[in-house]
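I have placed the structure first, in the form of structure tokens, so that the comments after it can refer back to it.
The values are calculated or read from the model by the stated rules, or taken from the named source; none is laboratory data. All values derive from a computational prediction rather than experimental measurement. Please note: Cβ atoms are built from the backbone with ideal geometry, for glycine as well, and neighbour counts cover all protein chains shown. All accessible areas refer to the heavy atoms of the entire protein, side chains included, with ligands and DNA or RNA removed. Shrake-Rupley method; radii C 1.70, N 1.55, O 1.52, S 1.80 Å.
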Amino acid sequence: MSALTVTGAVRDGEAVGVRCEGGAIAAIGPEVAPAAGDEVLDAAGATLLSALVNGHTHAAMTLFRGWGGDLPLMRWLEERVWPVEAKLDDEDVYWGARLACLEMIRTGTARFWDMYWHPDATARAVEDAGLRATIGGPLFDAQGPVRETQAQTLADLEALAAHGEAIEASIAPHSIYTVSEPLLRWAGETAAERDLAIHIHLSETEKEVEDCLAAHGVRPASYLDRLGLLGERTVLAHGVRLDRGELELIAERGATVVANPVANLKLAVGGMLPYPAARRAGVAVGLGTDGAGSNDSLDLLADLKVFALMQRHTSGDPTVLPSTEALQIASGARAPLLSGGHEPLRPGASADFLLLRRDAYETGLGELASDLVYAASGSIVDTTVVAGRVLMRGGEVEGEAEIVARARERACRLGISERVRRLSQ
Ligand SMILES: [Zn+2]
């Protein structure tokens, strides 16, 4: 792979170059210039920014976007989602995930954490799109006999391991209320044996907490810890109802919590991760969109505004989350597991970064971080570079029209688009 050098980007008011080699940043700074044979990209004064990390999603659920979104949760799942998910094949998931990757490239996300059916198809989509992802097939008790469920999970892990370095396999038990205690223990043991990350929904609703207390006598994080699933390689999606003791336990174990503010609001779960308490406890925190079925956007910068506003609103304190810290949360810099462990935009870090639109009216007058959190959305991204490859330039992504067309075809095949048309007539 040839090296890429970006010249004339602006960072902290200074013109800088970025030289990328082998998918990583080889050099960054005012003195960096292209070497002979480099692909050169002239940023012409555009602002350089870390790419974003979406810590929790179900990529192929772009196919379900806007379909039954006004129904209550259980009716939405039972009438719309589950019957269609039963019919999904590899190609549906591939094109749904390609559409998700397209949206993430357009809105500045380089890496995401995914939990969905046909994980190998998602991995193919991620590789073809040029992004990075940690992927796990969801583990549920209802899938069938335990042995078959375990065999399917192990087969998914084998398939994921066969992909390149852009893909990391994880084990993804859906939640403590859909996976039995023995299967959760098995998931923890399997993750430990293979040094895999664990990705699970935790403490999303009050009912989940009440049921956990009634059945196990402890709150969800303690229950997970008892079963051996709470460690440095664990990502907990939601964390809406975590109390102080749980946050301290999570921090002690070194696990990461990913807030999904827009999905929490849309599903009306009555809260979201209490960030000030999580920070006080020392918890690693990231941001996720959740799937497009329950958000319905994958624009992480747009969700960051909601997250920051809600933290101010619920704490009654407008100083509770400074904009620079909010941006760090969205780029994975406050949760090393999510971002692959490197401090972004440093030599040795993944060559994942963005150039912002030079004509963006949303930024340029006030403080950049504040403008990005409160005025901008993902549409401010002009150029997306992942692993040293330019995936979008001037707002254009290669193959975009085909991806949109093929995803629509798959949605029609599944009866989704057809029904939307009929309902809207
Ligand atoms: Zn989710």
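Within the group GLU189, GLU158, GLU165, GLU103, which residue is closer than 28 Å to LEU273 by Cα, open to solvent by 40 Å² or more (accessible area, probe 1.4 Å) and either within 16 Å of the ligand (Cβ to nearest atom) or not aliphatic (A, V, I, L, M) (or both)?
Just one listed residue meets the conditions, GLU189.
Candidates ASP359, ASP290: the one that is crowded, with 21+ Cβ neighbours inside 10 Å, not aromatic (Phe, Trp, Tyr) and not in a helix (DSSP H, G or I) is ASP290. Looking across the stretch 362-414, the residues that are open to solvent by 10 Å² or more (accessible area, probe 1.4 Å), among the hydroxyl-bearing types (Ser, Thr, Tyr) and not in a loop (DSSP other than H, G, I, E, B) come down to SER370, TYR374, SER379. Every condition in (1) open to solvent by less than 40 Å² (accessible area, probe 1.4 Å); (2) hydrophobic (A, V, I, L, M, F, W, C); (3) more than 16 Å from the ligand (Cβ to nearest atom) is met by ALA214 except one, and the failing one is (1).
Tallying residues that are closer than 15 Å to HIS201 by Cα and either surrounded by fewer than 24 Cβ atoms within 10 Å (Cβ to Cβ) or within 12 Å of the ligand (Cβ to nearest atom) (or both) within the stretch 248-258 yields 1. Please determine, by comparing only the residues of the stretch 263-277 that are among the hydrophobic types (A, V, I, L, M, F, W, C) and surrounded by 24 or more Cβ atoms within 10 Å (Cβ to Cβ), which one is farthest from the ligand (Cβ to nearest atom). So, considering only residues that are among the hydrophobic types (A, V, I, L, M, F, W, C) and surrounded by 24 or more Cβ atoms within 10 Å (Cβ to Cβ), the one farthest from the ligand (Cβ to nearest atom) is LEU273.
Quick check, is VAL40 more than 16 Å from the ligand (Cβ to nearest atom), β-branched (Val, Ile, Thr) and touching a Pro at 6+ places or on another chain (Cβ under 8 Å)? Against the criterion (more than 16 Å from the ligand (Cβ to nearest atom), β-branched (Val, Ile, Thr) and touching a Pro at 6+ places or on another chain (Cβ under 8 Å)), VAL40 qualifies.
Condition check: open to solvent by less than 10 Å² (accessible area, probe 1.4 Å), in contact with a strand residue (DSSP E or B) (Cβ under 6 Å, 6 or more places away or on another chain) and away from the ligand (no atom under 16 Å from the Cβ). Does LEU300 satisfy that?
Judged against the criteria, LEU300 is not a match.
Pairing residues of the stretch 108-133 that are more than 20 Å from LEU287 (Cα to Cα) with residues that are small (Gly, Ala, Ser) and modelled with pLDDT of 95 or more, at Cβ distances under 6 Å and at least 6 apart in sequence or on separate chains, gives PRO119/GLY137; ASP120/ALA159; THR122/ALA59; THR122/ALA97; ALA125/ALA97; GLU127/ALA166. Residues of the stretch 62-86 that are outside any loop (DSSP other than H, G, I, E, B) and closer than 19 Å to GLU409 by Cα: THR62, LEU63, PHE64, ARG80, VAL81, PRO83, VAL84, GLU85. Residues that are within 16 Å of the ligand (Cβ to nearest atom), under 24 Å from GLY291 (Cβ atoms) and basic (Lys, Arg) are absent from the stretch 231-240 altogether.
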